[in-house]
Amino acid sequence: MHELSITRNVVAICAEQAAGGRVRRVTLEIGQLTAVLPAAVRFCFEFCAEGTALEGALLEIIETPGGGRCRACGGAVALVERYGRCSCGSNDIELTAGEALKIREMDVV
Ligand SMILES: [Zn+2]
């Protein structure tokens with residue numbers, strides 16, 4: 001389960017940025033094309049946060065939908081996985097959204 005190491009990283013980064021403060025809330029952005037399961041991250045979070053500046057913090061997860069642009073016709077394509085097909089028939093799609101996993105916001109007290 002790679003979500004455990006990802007969550008550990010997120011907690012480590014937040015704790016470092018909190019610079020001695022306590023983190024009350026973290027908002028994570030998880031793209032649908034990252035293959036990271038938000039439910040699994042949520043499950044790992046409490047465990048990873050224990051004993052750190054994030055202990056007891058609220059975790060908010062925003063799932064960003066996947067999307068791309070067709071290189072053949074320039075049309076926008078909604079993607080639920082990394083490979084998709086445009087309505088014009090082309091499968092030459094450039095990914096433009098849904099690949100990010102980032103810490104969007106953090107409340108520190
Ligand atoms: Zn197209």
Region 1-18, residues that are at pLDDT below 95 and out of contact with any Cys (no Cβ under 9 Å at 6 or more places or on another chain): His2
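Among the small types (Gly, Ala, Ser), at pLDDT below 95, open to solvent by less than 80 Å² (accessible area, probe 1.4 Å) and under 21 Å from Ile93 (Cα atoms): does that describe Ala35? Can you show your working first?
Details: among the small types (Gly, Ala, Ser): yes; at pLDDT below 95: yes; open to solvent by less than 80 Å² (accessible area, probe 1.4 Å): yes; under 21 Å from Ile93 (Cα atoms): yes.
In short, yes.
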Can you name every residue in region 84-109 that is aliphatic (A, V, I, L, M) and more than 16 Å from the ligand (Cβ to nearest atom)? Ala97, Ala100, Leu101, Ile103, Met106, Val108, Val109
Condition check for Gly20: more than 16 Å from the ligand (Cβ to nearest atom), surrounded by fewer than 16 Cβ atoms within 10 Å (Cβ to Cβ) and touching a residue at least 12 places away in the same chain (Cβ under 8 Å): yes
Please work out which residue is farthest from the ligand (Cβ to nearest atom), limiting yourself to region 51-83 and to residues that are buried (at least 18 other Cβ atoms within 10 Å of the Cβ), more than 19 Å from Asp107 (Cα to Cα) and small (Gly, Ala, Ser). Gly66
Restricting attention to region 77-95, which residues are touching a Leu at 6+ places or on another chain (Cβ under 9 Å) and either touching a residue at least 40 places away in the same chain (Cβ under 8 Å) or among the polar types (S, T, N, Q) (or both)? Leu79, Val80, Glu81, Arg82, Leu95
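The values are calculated or read from the model by the stated rules, or taken from the named source; none is laboratory data. Keep in mind the model is a prediction, meaning the values are calculated, not measured. So basically every Cβ, Gly included, is an ideal-geometry build from the backbone, and we count neighbours across all protein chains shown. These area figures cover heavy atoms from the full protein model, side chains too; ligands, DNA and RNA do not enter into them. Shrake-Rupley method; radii C 1.70, N 1.55, O 1.52, S 1.80 Å.
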